[in-house]
Amino acid sequence: MKALQIFLFAIILLTLNTSCEKVILIELNEADQKMVVDAIVSNDSVQNYVILSKSGGFYQDNDFEAISGASVTITDDAGVIYSLSESAPGYYSNPNLVGKLKTNYDLEVVANDQTITANTYLPDTTHLDSLSYFLNSGGFGDPEWFVLMHWSDKQSEENFYRFKPTINGEKGKQISILDDILINGVETQYPLFDVTVEDFDTLMIEFIEIDQGTYEYLKVLGEIASGENAASAAPGNPVSNIVGDAIGFFGAYAITNGSIVIEP
């Protein structure tokens with residue numbers, strides 16, 4: 001009975017939250033080649049980097065024209081400047097840079113006689129409390145596993161989330177985001193939509209709190225990919241926080257991690 005109640009709750013969330021939760025495949029309008037910036041600052045020590053390339057390879061693994069020799073710095077709101085060095089073609093990092101919660105960060109990139117800047121905010125982290133799963137055998141087709149994330153949303157602020165699943169070491173290629181319009185201030189159990197797991201699979205999840213700017217950027221990407229941006233005369237790249245002749249985004253992630261093994 002409890003499993004049925006959870007399943008019904010998941011279906012209600014799916015029905016009500018269609019406008020809030022987006023699963024998107026990223027496709028960019030890349031008719032004109034531009035500098036592409038893929039930059040992240042986070043509280044995870046290995047996820048603080050800037051990747052510079054030329055459009056045509058954005059979000060494509062090992063298939064881009066890297067921009068080397070750039071000057072890249074990230075500065076926090078206390079005035080601490082982190083210079084990022086190029087450890088691989090187009091990949092810039094600094095091992096001393098680990099994002100602090102509730103902190104603003106400024107990015108500056110100087111490359112090919114142009115300068116681009118961006119600003120982002122690393123929010124406080126909402127912790128993932130746990131993961132659970134149940135077997136849904138009452139629907140159409142074969143029984144399938146549902147995985148639920150459990151956390152408590154903060155009532156005093158607007159919260160925005162991103163979820164990044166990895167199954168048996170293979171990272172998901174889609175991006176899921178969520179705002180807290182329907183869950184503000186409540187204990188939440190939320191299904192991982194479009195994640196298919198089998199018996200004995202190991203699921204790892206990055207539960208990420210993002211700021212509103214990052215959420216809106218990813219949301220527009222989803223609208224473009226799904227064709228929802230039909231009001232525009234011609235599809236274009238989403239508005240980002242990058243200032244200068246470049247595309248991409250500078251995002252900040254407050255990350256907690258969880259994992260679970262599906263045991264029948």
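The values are calculated or read from the model by the stated rules, or taken from the named source; none is laboratory data. Note that this is a predicted model, so its numbers are computed, not measured. Don't worry about glycine lacking a Cβ; one is built from the backbone with ideal geometry, like all the others, and counts go over all protein chains shown.
One table, with the values for the structure above:
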{"item": "Exclusive hit being of a type in the set (Lys, Arg) and part of a loop (DSSP other than H, G, I, E, B), set 164, 154", "result": "154"}
{"item": "Subset of segment 166-184 [modelled with pLDDT of 90 or more and surrounded by fewer than 19 Cβ atoms within 10 Å (Cβ to Cβ)]", "result": "166, 167, 168, 169, 170, 171, 181, 182, 184"}
{"item": "Residues that are among the β-branched types (Val, Ile, Thr) and modelled with pLDDT under 95, drawn from segment 243-255", "result": "247"}
{"item": "Residues (hydrophobic (A, V, I, L, M, F, W, C) and assigned to a strand (DSSP E or B)) located in segment 169-228", "result": "175, 177, 178, 203, 204, 205, 207, 208, 210"}
{"item": "Options 228, 209, 216, 187; residue that is modelled with pLDDT under 95, among the charged types (D, E, K, R) and surrounded by 13 or more Cβ atoms within 10 Å (Cβ to Cβ)", "result": "216"}
{"item": "Hits in segment 19-48 - residues which are hydroxyl-bearing (Ser, Thr, Tyr) and modelled with pLDDT of 50 or more", "result": "42, 45"}
{"item": "Unmet criterion (only one of (1) at negative phi; (2) free of Cβ contacts under 8 Å to residues at least 40 places away in the same chain) for residue 185", "result": "(1)"}
